[in-house]
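Trainee: Take this structure first; my questions come after.
The values are calculated or read from the model by the stated rules, or taken from the named source; none is laboratory data. Quantities reported herein were computed from a predicted structural model and do not represent experimental measurements. Positions of Cβ are generated from backbone atoms using ideal geometry, with glycine treated the same way; all protein chains shown enter the neighbour counts. All accessible areas refer to the heavy atoms of the entire protein, side chains included, with ligands and DNA or RNA removed. Shrake-Rupley method; radii C 1.70, N 1.55, O 1.52, S 1.80 Å.
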Amino acid sequence: MSEQVGFIGLGEMGLAMARNLLAAGYALTAYNRTRSKAEPLAALGAKIAPTASDAVTAGGVAVTMLADDRALEEVTIEGGVVRALGKGGIHVSMSTISPETTRRLAHYHAQGGSVYVAAPVFGRPEAAAARRLWICTAGPEGSKERIKPLLHAMGQGVFDFGEDAGAANVVKLAGNFLIASAIEALGEALALAQKNGVDRAALADMLAKTLFAAPVYQGYGPTIAARRFMPAGFKLPLGLKDVDLVLSLASQSRTPMPIASLLHDRFIAALAKGRENLDWSAISIGAAEDAGLK
């Protein structure tokens, strides 16, 4: 591939996505704050950069997969990614962040002659490794067309939401809200079943094969039924971050979201009980505890 790609942020998701880009033949330079996490890519042909800006080629593509708004702003502005990209460069931001931050960064890029495309993803690390992510995009049409092959190297499908970059992050937050709501509903339903003598796993299996034959229920149902919350594919603090982003957006747009408020309290309670290293689906423990189950 002729496209020069800089990949910044190599957690479980980012590392798997970067590997898929290398497998697709892209020339890739990687950067991670903890350098040791980038080293596995070197054996696959990637260059390892000492700084975020060193991972970026002028006029090329920079892909970021970072934990939150602050981390992305630090890399983009303070870390010099925008300056390094220059005219004709594209920043593909695949993190879950606020629409407000996305729009601010898009404006900052435009001032420097580069383009910002929001492309947040749905899928856990195993989906990223299998190139089974669902990707939502928003930004300038020409730039989205240019990065389309790159996105297809990381995911199974791309859904576009127009030229306002923030729209893709609204979609991502709406989707994560629904996933967290499903986790809470599963926790409550399985607690009800157990309290009344029905096997949790049997109920989860039936629901995932019939009324709720969908990836979220099929993936999280067995996990919640078995209370198998480690290793964490998406840790509890990140879940709280996303729910807080949902509530902030809801407040700004005057959109009542009472279920999101309940989810916020579930996450706070779980973290107060020392569950920060568990998967975010561990908020379902709260429903069982409320029912007096061990």
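Trainee: With axes computed from alpha carbons, what is the tilt in degrees of helix 99-112 against the longest principal axis of the chain, rounded to the nearest 10 within 0 to 90?
Mentor: 0
Trainee: Another question, if that's okay. Could you give the angle, 0 to 90 degrees to the nearest 10, between helix 166-195's Cα long axis and the longest principal axis of the Cα atoms of the chain?
Mentor: 20
Trainee: Also, I was wondering about something else. Between beta-carbons, use under 14 Å as the cut-off and find the net charge around Asp69, counting Lys and Arg +1, Asp and Glu -1. Present the calculation step by step, with values, prior to reporting the outcome.
Mentor: On the way: positive: Arg70, Arg103, Arg104, Lys172, Lys241; negative: Asp68, Glu73, Glu74, Glu78, Glu100, Asp242, Asp244.
Spelling it out: positives minus negatives among the neighbours equals -2.
Trainee: If you don't mind, there's one more thing I want to ask. Between Glu163 and Lys148, with labels modelled 7 Å along Cα→Cβ, what's the label distance in nm to one decimal, could you check?
Mentor: Output for this residue pair reads 1.8 nm.
Trainee: Give the distance, in whole Å, between the Cα centre of the stretch 246-294 and the Cα centre of the stretch 120-196.
Mentor: 20
Trainee: Multiplying the sequence separation of Ile77 and Asp265 by 0.36 nm and subtracting their Cα-Cα distance, what value in nm do you get? List each step's numbers first, then the result.
Mentor: Details: separation 188, 0.36 × 188 = 67.68 nm, distance 3.34 nm.
Separation in residues times 0.36 nm, less the Cα-Cα distance, equals 64.3 nm.
Trainee: Also, I was wondering about something else. For the chain, what is the number of Lys pairs with C-alpha distance below 27 angstrom, counting only pairs 8 or more positions apart or on separate chains?
Mentor: 23
Trainee: Further question: Testing the spin-label approximation: label points 7 Å from Cα along Cα→Cβ at Leu293 and Gln218. State their distance in nm.
Mentor: Here the modelled spin labels are 2.4 nm apart.
Trainee: Tally Lys and Arg at +1 and Asp and Glu at -1 over the other residues with C-beta under 15 Å from the C-beta of Ile285: what net charge comes out?
Mentor: On the way: positive: Lys195, Arg200, Arg227, Arg228, Lys235, Arg266, Lys273, Arg275, Lys294; negative: Glu184, Glu188, Asp265, Glu276, Asp279, Glu289, Asp290.
Net charge around Ile285: +2.
Trainee: Ok, one more. Just subtract the alpha-carbon distance of Ala272 and Lys47 from 0.36 nm times their residue separation and send over the number in nm, one decimal. Could the numbers behind the result be given before it?
Mentor: Values: separation 225, 0.36 × 225 = 81.00 nm, distance 4.11 nm.
My answer for the length gained is 76.9 nm.
Trainee: While we're here: Round to a whole number: what % of the accessible area of the stretch 154-249 belongs to carbon and sulfur, probe 1.4 Å? It would help to have the intermediate numbers written out before the result.
Mentor: Details: 2960 of 4450 Å².
After summing per-atom areas, the C and S share lands at 67 percent.
Trainee: Angle, helix 141-152 long axis vs. longest principal axis of the chain, Cα atoms, 0 to 90°, nearest 10?
Mentor: With rounding to tens, the tilt is 60 degrees.
Trainee: Quick one: net charge around Leu151, please, counting Lys, Arg +1 and Asp, Glu -1 for every other residue with C-beta under 11 Å from its C-beta.
Mentor: On the way: positive: Arg131, Lys144, Arg146, Lys148; negative: Glu145, Asp160.
Around Leu151, the charge tally is +2.
Trainee: Another question, if that's okay. Specify which labelled value, from [x] 1.34; [y] 1.00; [z] 0.97, agrees with Rg/Rh (Cα atoms, Kirkwood Rh) derived from the coordinates of the model shown.
Mentor: Comparing each candidate, only [y] matches the computed number.
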